[in-house]
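The values are calculated or read from the model by the stated rules, or taken from the named source; none is laboratory data. This is a predicted model, so every value here is computed, not measured. With ideal geometry, Cβ positions are generated from the backbone for all residues, glycine too; neighbour counts draw on all protein chains shown. Note: accessible area is taken over every heavy atom of the protein model, side chains too, but ligands, DNA and RNA are not part of it. Shrake-Rupley method; radii C 1.70, N 1.55, O 1.52, S 1.80 Å.
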Amino acid sequence: QVQLVESGGGLVQAGGSLRLSCVASPNTFRPKNMEWYRQAPGKQRELVAFSSDTSTYYADSVKGRFTISRDNAKNTVYLQMNSLKPDDTAVYYCNMRSWSHDDFWGQGAQVTVSS
């Protein structure tokens with residue numbers, strides 16, 4: 001059974017930075033796509049960043065501030081978040097999709113940005 005474990009959330013002041021990590025196990029799992037979503041209170045879950053072997057994508061709201069990166073050897077995806085704003089406050093979820101199109105989710109990491 002594939003499991004994703006997230007870390008790195010927390011409380012930060014506006015303008016600060018955080019880095020989220022998401023590690024997949026077992027290490028025999030080889031995901032095709034790695035993604036980060038977020039869900040703020042009262043809002044729908046939204047795609048923040050996406051990484052495949054050939055492309056990356058960022059939501060307009062985070063372009064230039066967030067960077068997704070992956071270490072395939074470690075089955076890990078990262079989300080570096082800089083210049084954080086109060087509107088970035090949300091629970092952040094990592095998602096990994098297998099080559100057979102199965103989706104696996106992390107447990108969620110709370111990110112709170114104070115003004």
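Some points to look at:
- Ligands, DNA and RNA left out, the accessible area of region 1-48 computed with a 1.4 Å probe is 47% carbon and sulfur.
- With θ taken as phi - 60° and the Karplus curve 6.51 cos²θ - 1.76 cosθ + 1.60 applied, the whole-hertz 3J(HN,Hα) list for region 104-109 is 10, 10, x, 7, x, 10 Hz, x standing for glycine and proline.
- Relative contact order of the chain, pairs being alpha-carbon contacts under 8 Å that are 6 or more residues apart, as %: 36 percent
- Region 58-94 residues near the modelled Trp105 label - backbone nitrogen below 11 Å, point 7 Å along Cα→Cβ: 93-94
- Average accessible surface area per residue within the chain, 1.4 Å rolling probe, Å²: 54 Å²
- Debye intensity ratio I(q)/I(0), log10, region 1-101, q values 0.12 Å⁻¹ (C-alpha model): -0.38
- Region 71-82 - phi-based ³J(HN,Hα) in whole Hz, Karplus 6.51/-1.76/1.60, Gly and Pro as x: 10, 5, 5, 9, 6, 10, 10, 10, 9, 8, 10, 10
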